[in-house]
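See structure below.
Taken together, the values in this text are just the output of simple stated rules run on the coordinates, not laboratory data. If you're wondering where the values come from, they're calculated on a predicted model, not measured in any experiment. Using ideal geometry, Cβ is built from the backbone for each residue, glycine included, and neighbour counts are taken over all protein chains shown.
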There are 2 protein chains.
Amino acid sequence: MPAVSREIRLASRPVGMPAPENFQLAETPVRAPQEGEVLARNLWMSVDPYMRGLMIDQKSYAQPFQVGEPLNGRAVGVVVESRHPDFRPGDHVFHMLGWREYATAPAQAFELIDVTAAPAQAYLGVLGAPGLTAWVGLTRIAGLKEGENVFVSAAAGAVGSVACQLAKARGCRVVGSAGSDGKCAWLRDVAKVDVAINYRTCGDLTAAVGAAFPDGIDVCFENVGGAHLEAALTHMNVFGRIALCGMISGYNSVEPPPGPSNLALAITRSLRLEGFVVRNHMDLRPQFRAEVSALIREGRMHFQETVEHGIERAPAAFLKLFTGGNAGKMLVRLAG
Amino acid sequence: MPAVSREIRLASRPVGMPAPENFQLAETPVRAPQEGEVLARNLWMSVDPYMRGLMIDQKSYAQPFQVGEPLNGRAVGVVVESRHPDFRPGDHVFHMLGWREYATAPAQAFELIDVTAAPAQAYLGVLGAPGLTAWVGLTRIAGLKEGENVFVSAAAGAVGSVACQLAKARGCRVVGSAGSDGKCAWLRDVAKVDVAINYRTCGDLTAAVGAAFPDGIDVCFENVGGAHLEAALTHMNVFGRIALCGMISGYNSVEPPPGPSNLALAITRSLRLEGFVVRNHMDLRPQFRAEVSALIREGRMHFQETVEHGIERAPAAFLKLFTGGNAGKMLVRLAG
């Protein structure tokens, strides 16, 4: 058993765009597992946009991060020592104690994963929470139907890229937005979306979205908010549904950003906007895993990863989420 | 058969708050009914906030009003002449050809109403579209459950006052907002809401709504938008539902008003915001009429009317909707 684990702690609460000084790299002794506990060495950890919200001290769906404490989040690792019969050294596990090199916790905190079916880090992306988020948003929240017109914002990200391909697999016409020509090329050439919009260079986004949807939008999978949501609302069809998954454009605003000025269209067009967090929909995981695993096998579900190496790079990886520095799933490789 | 009918035409499209010069009082010959048609004399006509939207030349759920043409809207009248077997002179009818003293149209445009069960004008209010709007919004759109905490904006209006009393009849805790002390007194004393907030004098509306909901809001019936919607969002409980019925605060804005700056709460709290227009929910009318008629008989559903007299006063009646000049249903009495 190693003596020391490095971890990232919240040094101070960010105001606006997080900066390196909001994070602190620290060393802490590795705690030996007690009866019923497991010690895992983390191989990969995830950084996700939702973590920005938990850096604010407010009531939310999850406990906010505490200053001076290590952050947490999804990670996959390998068991080093186990004092629970269900886990053996060498087993691969998924858990929520990311942002650290080693994690000791009761066995219930760990879930065995099958790394013969997919690489371990896929359980942080396409087969994990981001993939499930896309699946839940399209199916349970938006009630997507075969052949509908679907708009996905941040379409080249971990969630958006799965949403695009799931909608294509259902025979939908899919338009995605992303922030670089490279991401748009991937969306067109690999994810096979019908139109990819580079929102940084397209000029008026509302006009660009309108041009991409001559028959209007039936379902919008919203990851960005702000101008994206306003553009989508303008072109939504009657009885359209907007799955509100994220509004990353506003996460670092110091002043609360104004909402869409055309929200009243929700009334005249009978639109439904529904927010969700994936943790309330874990019951759908078996269906999701079955469908997405099959699509991966059939070569109809592609995924990209952007990887930083070493726990000390985790804050930088996190910041890339807000500057467009990631294509697909943003990961930190810790070992392995 | 009278020779001449007076009607109100749209003289020009209003920009911002409508003004008298946007309307024109005109005389037109009464058209004799052809085979299969009915001629009715209108007794009452309705003015409603939705009409403001139809004064704009834009694609919407209904045909916009045309400049130089008479406006239209819900009315009740009495048959003067009929060339259809289902209608006889003296029958009371509901139809959509308001803003005029006489209406000639195919029989399908008319619906017989029972004026022994309720006064004719009730079919423009508590038993008509405003009442059904309240019923649909709470039941089908918001999925209201027994005992929930309900916020109703514009609570003393035609729709809001029914929504408040329907929610009270379901054992809910109900808070309503209105724009005068008189309306608030009616809400407390007659509609029996738990708290009435005068939004003009309460100071910070978000704080006032918070104080009225120590346990948060489960269902919001939104008629106002703007600061009201922002205040509601701040205090919505997880899995809360917001029925978007109207956003009257923005209907006369020259510049589109910004949306709520806290819309991202819809994500973290798993909120559903759903707009609707009552015309898509006419299938619920039998259930609605049965429940509301029973509540009226039991003395548990009260309604107010504000009445202007004469077709020439119809524009003034309409404008009162936007200045708070009406309590309950705003009506124009044309004859009878």
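At an R0 of 56 angstrom, the distance between the Cβ atoms of B:V254 and A:A294 translates into a FRET efficiency of 0.55.
Spin-label model, B:L112 to A:V190: label points 7 Å out along the Cα-to-beta-carbon direction sit 6.9 nm apart. Distances between copies at A:G182, taken between label points 7 Å from Cα along the C-beta direction, are 6.8 nm in increasing order.
The value for segment A:1-57 of Rg(Cα) / (2.2 N^0.38 Å) is 1.42. Excluding same-chain neighbours fewer than eight residues apart, the lysines reachable from B:K168 by a Cα-Cα span under 28 Å are B:K145, B:K183, B:K192, B:K320, B:K329.
For segment A:10-145, the percent of C-alpha pairs falling in each 5 Å distance bin, counted from 0 to the bin holding the largest distance, reads 2, 10, 17, 18, 17, 16, 12, 6, 2, 0, 0. A point 7 Å from Cα along Cα→Cβ stands in for A:R88, and the other copies hold the same point at 9.1 nm, listed in rising order. Roughly speaking, what % of Cα-Cα pairs in segment B:134-173 are separated by over 13 Å, rounded to a whole number? Beyond 13 Å sits 43 percent of the P(r) for segment B:134-173. Using a Förster radius of 35 Å, what is the FRET efficiency between B:T323 and B:A207 based on their Cβ-Cβ separation? Nearest 0.05, please. The value I calculate is 0.85. Report summary: the helix-based calculation at 222 nm, which adds -39500 (n - 2.57) for every DSSP H run with n ≥ 4 and divides by the residues of chain B, gives -6500 deg cm²/dmol.
Over all alpha-carbon pairs in chain B, figure out the percentage whose distance exceeds 31 Å. Above the 31 Å cut-off, chain B has 33 percent of its Cα pairs.
With a Cα-only, solvent-free Debye model of segment A:243-336, what are the log10 I(q)/I(0) values at q = 0.10, 0.13, 0.16, 0.25 Å⁻¹? Log10 I(q)/I(0), no solvent term: -0.48, -0.79, -1.08, -1.19. For segment A:54-93, the convex hull drawn through the C-alpha positions has a volume of 111 cubic angstrom per residue. For the residues B:V67, B:V78, B:V209, a GNM of chain B with alpha-carbon springs under 10 Å puts the largest fluctuation on B:V67.
Taking every DSSP bridge with both residues inside the protein assembly as shown, close to 55 percent are antiparallel. If you take the square roots of the eigenvalues of the alpha-carbon gyration tensor of segment A:192-278 and sort them as a ≥ b ≥ c, do you get rounded (a/c under 1.5), prolate (a/b over b/c) or oblate? Cα axes put segment A:192-278 in the rounded bin. Calculated on the alpha-carbon coordinates, the convex hull of segment A:181-333 measures out at 161 cubic angstrom per residue. Summary value for segment A:281-336: 36 percent relative contact order, contacts being C-alpha pairs under 8 angstrom separated by 6+ residues. Counted over segment B:80-215, the DSSP beta bridges are approximately 20% antiparallel.
Placing a label point 7 Å from Cα along the Cα-to-Cβ axis, A:A3 is separated from the same position in the other copies by 11.2 nm, shortest listed first. For segment B:36-128, a crude dipole built from +1 on the beta carbon of Lys and Arg and -1 on the beta carbon of Asp and Glu, taken about the Cα centre, is about 140 debye to the nearest 20. Projected onto its three principal axes, the C-alpha set of segment B:132-250 covers 33, 29, 28 Å, listed from the longest axis down. What is the antiparallel percent of DSSP beta bridges lying wholly in chain A, to the nearest 5? Approximately 50 percent, going by the DSSP bridge assignments.
Over the C-alpha trace of segment B:283-331, radius of gyration and Dmax come out as 14.5, 37 angstrom. By the equivalent-ellipsoid construction on the alpha carbon gyration tensor, segment A:89-180 comes out with semi-axes of 32, 14, 12 Å, ordered largest to smallest.
Quarter the surface of the alpha carbon convex hull of the protein assembly as shown and you get the mean projected area, 32.6 square nanometres.
A Förster radius of 35 Å, combined with the Cβ-Cβ distance separating B:E21 from B:R83, puts the computed FRET efficiency at roughly 0.35.
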